[in-house]
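What follows is a set of notes on a single structure, which appears directly below.
The values are calculated or read from the model by the stated rules, or taken from the named source; none is laboratory data. Bear in mind that the values here come from a model prediction, so they are computed numbers and not experimental data. Virtual Cβ from ideal backbone geometry, glycine too; neighbours counted across all protein chains shown.
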């Protein structure tokens with residue numbers, strides 16, 4: 001193996017690109033779970049975003065329009081989950097799984113005529129002198145706009161949850177829907193808005209895969225990214241800031257294993273490509289091993305259905 | 001105004017009727033989907049649900065396929081129903097299915113080319129153990145560390161797929177295979193073959209195992225204390241603790257059972273219909289079985305019927321893509337839709353729909 005053939009500067013730079021899809025999906029799911037809803041359909045919403053974004057971007061030739069369509073597609077699909085779990089009180093785990101299975105099927109159907117086409121480019125953001133900085137410029141300031149949008153979304157979510165009245169209501173709904181209901185808040189409406197936001201973010205994450213990261217459409221291209229995003233929410237102990245740490249950690253592992261494959265490492269290819277999943281499991285174990293803390297951080301009413309009896 | 005009133009007890013009528021209503025609604029929605037795709041919806045639905053069984057030209061070929069496809073689905077779904085009833089979510093059956101096939105095939109191939117009637121039973125045991133061991137990973141992690149079994153079992157599917165790939169191109173590759181990926185053909189080696197037992201029906205040992213599993217599950221759920229503990233834990237976890245149910249043991253039993261059955265399904269598939277360990281060996285039975293389990297209301301007899309219906313959509317889907325060029329993905333979306341409608345209709349089991357103004361409580 002020739003480790004020197006890996007350009008560590010470029011590796012750090014591509015880490016941010018690799019992490020962006022899971023970062024977007026995870027921050028969306030964080031808001032959903034903070035509202036007390038467990039949506040296991042992240043993978044399905046991501047792939048829907050990927051295909052919607054790709055189709056619109058190819059048809060209109062505009063990547064930004066593609067991202068808008070992806071967010072809309074993800075949010076629309078998430079509303080299916082919202083109606084079923086909030087109005088029809090279906091089991092959230094089962095409905096989330098259904099969303100993933102349905103999303104994978106529907107996206108494959110929609111993307112039929114778009115296999116093998118290249119997505120229109122999104123272009124790098126010109127940050128002027130910042131991009132020309134040695135080392136830091138390459139790592140931090142030579143990316144496309146979505147990388148910075150994703151970070152902005154994380155900061156916005158953090159500020160929303162911590163400092164605003166709306167954020168407080170959302171957290172109250174997640175901690176105790178009965179208390180929030182008694183105070184006169186509309187639990188269902190808050191949860192529906194959170195679910196739609198989560199769907200939109202997952203859609204953006206999916207579109208980042210199909211429009212920037214790959215950039216083309218193939219069936220099932222999310223390959224478990226949505227599930228990793230779910231794991232990152234647990235890893236982050238439901239704190240917005242730690243989502244960035246988690247996502248960049250996993251982005252780093254992904255990029256590193258791809259680089260090791262390319263550099264002809266002596267480790268078998270299969271071992272390298274299963275490593276992100278294995279490391280996800282190890283991280284989950286480490287986080288959950290501290291039982292008291294794990295139970296303390298999760299929203300108290302996570303995954304419970306709310307039915308106002310009067 | 002429409003509102004919902006919680007029933008004092010789940011409705012038995014709706015519990016039985018909701019899968020039927022869901023199937024009916026899916027047919028309508030599916031018809032609309034096919035119409036959007038520019039196909040005649042009636043022709044499409046007939047090709048999927050009627051022709052595989054009764055078409056004069058194709059039925060003789062596709063009818064046996066019904067049991068070939070339903071066997072693994074039922075076997076896996078029965079296993080999953082144990083956990084799902086207790087609120088233990090094993091969604092990595094696909095991985096356990098793969099590992100069962102790999103371990104079983106590896107044990108068999110280690111004894112190649114000897115001939116003994118004991119080889120196949122040995123492989124069956126190895127297959128079950130492979131699936132069981134793979135399911136024990138999320139099980140033990142949950143019991144020891146409280147790790148979420150949903151995420152761990154799902155992650156292990158991707159790990160298993162990579163192990164499958166390395167087995168197919170590496171350590172289980174057929175040495176006489178001229179360099180092509182894939183193991184020796186197990187269905188052509190007499191000691192390991194899992195042939196059709198009754199000619200023309202498609203029934204191989206896996207189908208027999210599925211039938212036995214259905215009976216076993218039925219007895220456990222209705223007559224055995226384990227079935228009672230499982231149901232109790234799912235419906236009233238607090239009551240279960242007072243009744244002395246050991247939740248950790250239940251996690252291990254439920255995950256182990258579902259893993260072993262998924263492993264068996266994989267072993268019967270690799271020795272029969274699939275024939276060999278190949279890169280594209282797994283076709284998503286482990287995920288479809290989740291739909292089967294729910295569609296069957298987590299009840300053994302229901303799962304039996306749901307498995308047959310889902311197998312029909314597979315075969316009918318292949319026929320429809322061949323005759324009407326309806327893409328295979330449409331069938332996948334169709335199956336997902338079925339689960340949605342089922343979960344939606346299920347509201348009627350637990351709630352009564354009321355019209356008009358709410359009374360004063």
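Yes or no: residue B:261 surrounded by 24 or more Cβ atoms within 10 Å (Cβ to Cβ) and closer than 24 Å to residue A:89 by Cβ? Here the answer is no, as residue B:261 does not meet what is asked.
Can you tell me which residue within the stretch A:186-230, out of those that are in contact with a strand residue (DSSP E or B) (Cβ under 8 Å, 6 or more places away or on another chain) and assigned to a helix (DSSP H, G or I), is farthest from the other protein chains (Cβ to nearest Cβ)? This residue is A:212.
The rows are residues; the columns are (1) under 13 Å from residue A:109 (Cβ atoms); (2) more than 12 Å from every other protein chain (Cβ to nearest Cβ); (3) at pLDDT below 80.
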| residue | (1), (2), (3) |
| --- | --- |
| B:321 | yes, no, no |
| B:324 | no, yes, no |
| B:328 | yes, no, yes |
| B:338 | no, no, no |
| B:344 | no, no, no |
| B:354 | no, yes, yes |
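Evaluation of residue B:111 against the conditions (1) within 30 Å of residue B:240 (Cβ to Cβ); (2) surrounded by fewer than 24 Cβ atoms within 10 Å (Cβ to Cβ) shows that the sole unmet condition is (1). Just to be sure, is residue B:143 surrounded by fewer than 24 Cβ atoms within 10 Å (Cβ to Cβ), within 14 Å of another protein chain (Cβ to nearest Cβ) and touching a residue at least 40 places away in the same chain (Cβ under 8 Å)? Yes; evaluated as a whole, the condition is true for this residue. Restricted to the stretch A:85-99, and to residues there that are at the interface with chain B (Cβ under 7 Å from one of its Cβ atoms) and assigned to a helix (DSSP H, G or I), the residue that is surrounded by the fewest Cβ atoms within 10 Å (Cβ to Cβ) is A:93.
Reported count of residues in the stretch A:167-192, each being touching a residue at least 40 places away in the same chain (Cβ under 8 Å) and closer than 17 Å to residue A:154 by Cα, is 2. Taking the conditions exactly as written (part of a helix (DSSP H, G or I) and more than 7 Å from every other protein chain (Cβ to nearest Cβ)), does residue A:105 satisfy them or not? Considered against the rule, which asks whether it is part of a helix (DSSP H, G or I) and more than 7 Å from every other protein chain (Cβ to nearest Cβ), residue A:105 comes out as no.
Scanning for something free of Cβ contacts under 8 Å to residues at least 60 places away in the same chain and within 30 Å of residue B:223 (Cα to Cα), does the stretch B:284-303 turn up at least one residue? There is at least one residue in the stretch B:284-303 that is free of Cβ contacts under 8 Å to residues at least 60 places away in the same chain and within 30 Å of residue B:223 (Cα to Cα). Among the residues here, residue B:160 does not qualify as more than 14 Å from chain A (Cβ to nearest Cβ) and touching a helix residue (DSSP H, G or I) at 6+ places or on another chain (Cβ under 9 Å). Can you find a residue that is in contact with a helix residue (DSSP H, G or I) (Cβ under 8 Å, 6 or more places away or on another chain) and surrounded by fewer than 17 Cβ atoms within 10 Å (Cβ to Cβ) anywhere in the stretch B:56-69? The answer is yes; a qualifying residue exists. Inside the stretch A:254-277, residues that are more than 13 Å from every other protein chain (Cβ to nearest Cβ), surrounded by 17 or more Cβ atoms within 10 Å (Cβ to Cβ) and not in a loop (DSSP other than H, G, I, E, B) make up a count of 4. Per the listing B:199, B:168, B:203, the residue uniquely part of a loop (DSSP other than H, G, I, E, B) and over 23 Å from the mean Cα position of the chain (by Cα) is B:199.
Of the residues making up the stretch A:278-310, just one is in a helix (DSSP H, G or I), under 30 Å from residue A:83 (Cα atoms) and modelled with pLDDT of 75 or more, namely A:297.
The condition of being under 23 Å from the mean Cα position of the chain (by Cα) and modelled with pLDDT under 85 holds for only one of A:107, A:150, A:62, A:78, that being A:62.
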